[in-house]
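The values are calculated or read from the model by the stated rules, or taken from the named source; none is laboratory data. What you are looking at is a predicted structure, and each value in this text was computed from that prediction instead of being measured. Cβ sites come from the backbone with ideal geometry, for glycine too, and all protein chains shown count toward neighbours. Heavy atoms of the whole protein, side chains included, go into the accessibility calculation; ligands, DNA and RNA do not. Shrake-Rupley method; radii C 1.70, N 1.55, O 1.52, S 1.80 Å.
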Amino acid sequence: MKQFEWSDDYLVAEEAIDVQHRQLFALANDLIQSENQAQLQENVMRLYRHCREHFEAEETFMKNSAYPLTQAHTASHNLMLDKLVEASQIIQRGAWQQNDTLNFMHDWIQHVQTEDRAIGEYFRDKGLKLEA
């Protein structure tokens, strides 16, 4: 089964964010390795909780740093959380496919490489550091 592998191409260069992103990869791997419906549901909820906590940390820092794209970035986070809620509902119906995980991770990786990387650049340009 295909596994998600972390690459330094995904680094935002904010260590606290990068650590959380690496954890996401581990949780996505847990999700695709789920062996039954109950494990699948548990793993998607773990992924949801991690995303919610990660997004809250990013959003707090963006707000505290007066990041100009905070509102749009938060909207992007909300869309991803909505996708995970939908995933949970699909799992409950027994209709989850491995491609669903692949699609979510593709969207996440795009988000990291564009929107999160832009946050990292903003922080560096302003001389800011994320407080863990």
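In this structure, Glu35 and Glu115 have a Cβ-Cβ separation that, at R0 = 41 Å, corresponds to a calculated FRET efficiency of about 0.75. For the chain, carbon and sulfur atoms together expose 46% of the accessible surface, with a 1.4 angstrom probe and every protein chain in place. In this Cβ point-charge picture (+1 for Lys and Arg, -1 for Asp and Glu), segment 1-50 has a dipole of about 260 debye about its Cα centre.
Only Cα pairs under 8 Å and at least 6 apart count here; give the relative contact order of the chain as a rounded whole percent. Kindly include the intermediate steps, with their values, before the conclusion.
Values: 90 pairs, mean separation 47.5, N = 132.
Here the relative contact order equals 36 percent.
Of interest is the spacing of the C-alpha centroids, which for segment 100-115 and segment 54-83 amounts to 15 Å.
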